[in-house]
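Q: Can you read through this structure? Questions will come right after.
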Amino acid sequence: MAAPMKTPGVYIVEKNAFPNSVVEVATAVPAFIGYTFKADGGGNSLTGKPFRISSMLEFERAFGGDSSAVPPTFGAPTATFNIARETDATKAAIIITDSKGTKTNFSIRRAEARTKQFLLYYSMLLFFQNGGGVCYVVSVGDYNGDVDKDKLIGGITALLKEQEPTMVVIPDAVRLAKDLCRAVQQQALRHCGTDMKNRIALFDIVDADTPPAADPDPRVQDFRNGIGEDTLSYAAAYYPWLNTTIVGDSDLDYKNLASGLKDLLTAEGIVVDGAGKYKDVLAVIDNPADLSKTNLTRDILHQTLFAASRAYVSALAEMKRQLNVLPPSPAIAGICTMVDAGFGVWKAPANVSLNCVVSATATISDKAQDSLNVDIQGKSINAIRSFVGKGVLVWGARTLDGNSLDWRYINVRRTVIFLEESIKLATKAYVFEANVSSTWETVKSMIRNFLTSVWQRGGLAGATAEDAFAVSCGLGETMTSDDILDGVLRVTVLVAVTRPAEFIEITFQQQMQKS
């Protein structure tokens, strides 16, 4: 109400011509939890603290190495491998045949324990390669320790104070034993569906980095049995893992071989009884500290071995192959970001090709996907499949609550979260406003304008806006007199969220010849 006029003169009165609007919240802001090279935000420790970044360059600055060092150090964990003679030819990565036809088998295996094979750095690369953008990183430790269940759960707890993230991704969890990984995933599900209710978790299947030993895959059943039954619509799981191209040839050399290189080269005939053309090179490999005593450099050593030994080249290729096997959840987070930016959160993040991915670690047929997509427990697993002429596609769009008609699809759950959070933030402006009809109409008008915009962009289903949504608010409509006395303003919003055409049926029938 305008102030009473007491002094003669001209008074200006401004009136708002337009109602308040709903500002749309971000829909694709994943939070990654895991281990990093460092956690330094300009001199302040970032360990256990969610930190917002928007590029791999920012990740390197806060969590990576020192690119200005000589040689430069980046944020990737050091991976070392052991080469060993193998009696079982089926387990051999390299087979060397000498001039007499004698075969020597060699296996190549990681030297680090499973809990020291950190995945977050490579996962961030995969995320950004697949369309990723703004995200949060919670570093729970450096590479000197082991992957620890309690630290990962602590990283989830740290996200309680952050409202912006809409997805939770924990790639390092799959390095834990099955029961420990299950505990981390259950906590993530509880965080998303009970504590926050404004984000979803993206899960990986433990040990799904190799083809299954049976059909259906027992690893999938272990996941279903262990994930629980609560708030399943706030999570989605993907299977199998991915063969990627994230780790390149330039990322590896002889330094990544902890043992067995000299034995491999001896079997190949590069050096015999400590002699041979490359004995000086091999001597330096045995004693890396002697490199400074020669005119050789690390790069020259690597190039010399690369040119001289096919077995060395094969060893590098096998190391690269193993390092490039990554869980799919980071790529899915990138796909969600890309789809949301191009189409909207209501578009299912499926039938989309994956970048920097050569193949899936297991071949899934239509029959095999039947048991993944539809399960008696309702815990649907989204398949990642290769198709001729199309590449590797995400071929599933279900939450773990696959038996629910309300929350079966990922895009439905994410769209409703988007609508709820946007409207929730907008209506905070009316807390403590008079609980009268003028306020009710203002709130209804604001929400209707927002939903109309979403409907016009294809986010809601219906030939008209009235078919797509309805907003109710008022005495005798959504509230009673007791509600008003109690200071409660109730708004009811009905929406028809678009659902994906998961199954397309085309019927053919012959008809009589007409001419």
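Derivation of every value follows stated rules applied to the coordinates shown; laboratory data play no part. Keep in mind that this is a model prediction, so the values were computed, not measured. Note: ideal-geometry Cβ built from the backbone for every residue, glycine included; neighbour counts use all protein chains shown.
Q: Please give the peptides 407-415, 7-15 ranked by average Cβ packing (other Cβ atoms within 10 Å per residue), highest first, as a rough proxy for protection.
A: Final packing ranking: 407-415, 7-15.
Q: Using just the C-alpha positions of the range 74-137 as equal point scatterers, what log10 of I(q)/I(0) does the Debye formula give at each q in 0.18, 0.22 1/Å?
A: Evaluating at q = 0.18, 0.22 Å⁻¹ gives log10 I(q)/I(0) of -0.78, -0.92.
Q: What share of the DSSP beta bridges in the chain is antiparallel, in percent to the nearest 5?
A: Among the beta bridges of the chain, antiparallel pairing accounts for roughly 60 percent.
Q: A further question follows. Could the peptides 202-215, 167-180 be put in order, highest first, of the mean number of other beta-carbon atoms found within 10 Å of their residues?
A: Ranked from most to least packed, the peptides come out as 167-180, 202-215.
Q: So if I take the centroid of the Cα atoms in the range 87-128 and the same for the range 188-229, what is the distance between those two points in Å?
A: 27
Q: Which cross-chain or sequence-distant (5 or more) residues have an amide H under 5 Å from the amide H of Ile200, H modelled 1.01 Å from N in plane?
A: The answer is Met167, Val168.
Q: Further question: From the residues Asn82, Ala208, Phe51, which one has its Cα farthest along the dipole of the chain in the positive direction, the dipole being from +1 and -1 charges on Cβ of Lys/Arg and Asp/Glu about the Cα centre?
A: Selected residue: Asn82.
Q: At 222 nm, what helix-only mean residue ellipticity would the chain give, in deg cm²/dmol to the nearest 500, using -39500 (n - 2.57) for each DSSP H run of four or more?
A: Value at 222 nm, helices only: -9500 deg cm²/dmol.
Q: Just report the Cα centroid separation between the range 7-50 and the range 397-426, whole Å.
A: 23
Q: Roughly how big is the chain's charge dipole about its Cα centre, with Cβ charges of +1 (Lys, Arg) and -1 (Asp, Glu), in debye to the nearest 20?
A: 600
Q: Right, something else. For the Cα atoms of the chain, what angle does the longest principal axis make with the long axis of helix 298-308, in degrees from 0 to 90, nearest 10?
A: Roughly 60 degrees between the two axes.
Q: May I ask for the angle, rounded to the nearest 10°, between helix 437-456 and the longest principal axis of the chain, with both axes built from Cα atoms and the value confined to 0 to 90°?
A: It is inclined by approximately 40 degrees.
Q: Another question, then. Across 5 Å bins from the origin, how do the percents of Cα pairs in the range 122-183 run, short distances first?
A: Cα pair-distance distribution for the range 122-183, in percent: 3, 15, 25, 23, 21, 11, 1.
Q: Treating the angle as unsigned and between 0 and 90°, give the value, to the nearest 10°, between the Cα long axis of helix 120-129 and the longest Cα principal axis of the chain.
A: Helix 120-129 sits at roughly 60 degrees to that axis.
Q: Can I ask one more? Which order do the peptides 106-114, 427-435, 130-138 come out in when sorted by mean C-beta neighbours inside 10 angstrom, highest first?
A: Most protected by this proxy first, the peptides run 130-138, 106-114, 427-435.
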